[in-house]
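Just below is one structure, and these are the notes that go with it.
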Number of protein chains: 2
Amino acid sequence: MSLRVLGVDPGLTRCGIGVLDSAGGRRATLVAAGVVRSVSEDAIDARLLAISRGLRAAIEEHAPDVVAVERVFSQNNTSTVMGTAQVSGIAILLAAERGIPIAMHTPSEVKAAVTGYGRADKKQIQTVLVKLLGLEAPPKPADAADAVAIALTQLWRGPGPVRLDSTGGARTSAQTRWAEAERAARRARESSTSRF
Amino acid sequence: MSLRVLGVDPGLTRCGIGVLDSAGGRRATLVAAGVVRSVSEDAIDARLLAISRGLRAAIEEHAPDVVAVERVFSQNNTSTVMGTAQVSGIAILLAAERGIPIAMHTPSEVKAAVTGYGRADKKQIQTVLVKLLGLEAPPKPADAADAVAIALTQLWRGPGPVRLDSTGGARTSAQTRWAEAERAARRARESSTSRF
């Protein structure tokens, strides 16, 4: 069975989203790539609401098996880091509410996984994406390409969603049971909802 | 009409919640104070889900007119700041989804508003809370007291919720219209739901 990953490059002005299906071995198929935007002049509540609605729509449309989110560090780019962290928390919550396992990868893990080189630049990453996914051009804007790279990192690094925790390491059996219970509850809710 | 403020001291291990009603002038009544906890050994998705459920329950139980959240800075306490920022984003989103205006205050604004001194310590803040709210002891744990202080700051600083934006400044007329439209939509949803 194919594994579908939704990658998220969290951002308050442009939040990148990339959806990949595994296609055996190291091959993958691009399902969707784009960005959710918010208006920088708006208040923070309106902005987080706009981003959350776009993320929710993408999760519901693509029904990923795992959501992979770029890990944000507080020392990077401090003028925007708080908004980025807020969006990453919302992306993780939206997945968790649906019982979808999440994983996080640092920027250097993404670079190393995709290009083999932890300090690769965006152009090198995009070249790999074009070649590997059989594209005519890299996904645009750059945040969408970054999200696809995060999804690819998850496909290549992860043995499977229920065995991955938030640090990309092995889930404990308790975490696995929690994820399974969440999924069962979600299915029960969905089947009970469908009666109406 | 009395104004109800729900203050949030965002945190991933203990998220403080304090609810105050204005009682005329600078007087206020304590409605509730406590913390929502998550288990530090759990994965980040389970933790954010636990905190969001507690925050959602508090917002739905107390139906505040405004939600005031402590503003997080990336330079403070970097080991926990990302989790704190994620929780603050979720608190803002939960309010925004319900059309409830939000406001943010920095720690020094809270100290200055409550004690008149921007570098006051926690004990000085708690002494004011006990005296002003007619309590026998300060709210426990400290995160709950901090959340009450944030709510009090909002009561004392803010002229009214719809005139406050996320920075504590004046809303633009567009933001005010947006907030009013959200409230109208919320009321419409609530009244349509109540038919079933």
Looking along the axis that carries chain B onto chain A, the residue of B whose Cβ comes nearest, with distance in whole Å, is B:Ala85, 2
Taking the label point 7 Å from Cα along the Cα-Cβ vector, the copy-to-copy distances for A:Ser40, listed from shortest in nm with one decimal, are 3.8
The Kirkwood hydrodynamic radius of the range A:1-132, taken as the inverse of the mean 1/r over all distinct Cα pairs, in Å, comes to 15.4
Excluding residues fewer than 8 positions from B:Lys111 in its own chain, the lysines with Cα under 19 Å of it are B:Lys122, B:Lys123, B:Lys131, B:Lys140
On the formula 1/(1 + (r/R0)^6), with r taken between the Cβ atoms of A:Gln124 and A:Glu41 and R0 of 30 Å, the FRET efficiency rounded to 0.05 is 0.30
Output field shielding_mean for A:16-29 (other chain Cβ, 10 Å radius) holds 0
Inter-copy distances for B:Thr29, nm, shortest first, label points 7 Å along Cα→Cβ, are 6.2
Of the accessible area of the range A:43-133, computed with a 1.4 Å probe and all protein chains kept, carbon and sulfur make up a percent value of 50
Ignoring ligands and nucleic acids, B:Lys140 exposes an accessible area, probe 1.4 Å, in Å² to the nearest 10, of 150
Taking a crude spin-label model, label points 7 Å out from Cα along the C-beta direction, the A:Glu136 to B:Lys131 distance in nm is 7.3
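Using a 1.4 angstrom probe on the protein heavy atoms only, could you order B:Thr153, A:Thr127, A:Thr106 from most to least accessible area?
The ordering from most to least exposed comes out as A:Thr127, A:Thr106, B:Thr153.
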Computed about the Cα centre, the charge dipole of the range B:7-76 from +1 Lys/Arg and -1 Asp/Glu charges at the Cβ has a magnitude in debye, to the nearest 20, of 180
Inter-copy distances for B:Thr127, nm, shortest first, label points 7 Å along Cα→Cβ, are 6.6
Expressed as a whole number, the average count of other chain Cβ atoms within 10 Å around the Cβ atoms of A:37-43 is 4
Asked for the total accessible area buried by B and A (1.4 Å probe, Å², nearest 100), one would answer 2600
Ranked output for segments B:30-39, B:9-18, B:143-152, B:90-99 by mean other Cβ atoms within 10 Å, highest leading, reads B:143-152, B:9-18, B:90-99, B:30-39
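The values are calculated or read from the model by the stated rules, or taken from the named source; none is laboratory data. The model shown is predicted, which means the values in this text are computed figures rather than measured ones. Cβ atoms come from the backbone with ideal geometry, glycine included; neighbour counts cover every protein chain shown. Keep in mind that these areas ignore ligands, DNA and RNA; they rest on the heavy atoms of the full protein, side chains included. Shrake-Rupley method; radii C 1.70, N 1.55, O 1.52, S 1.80 Å.
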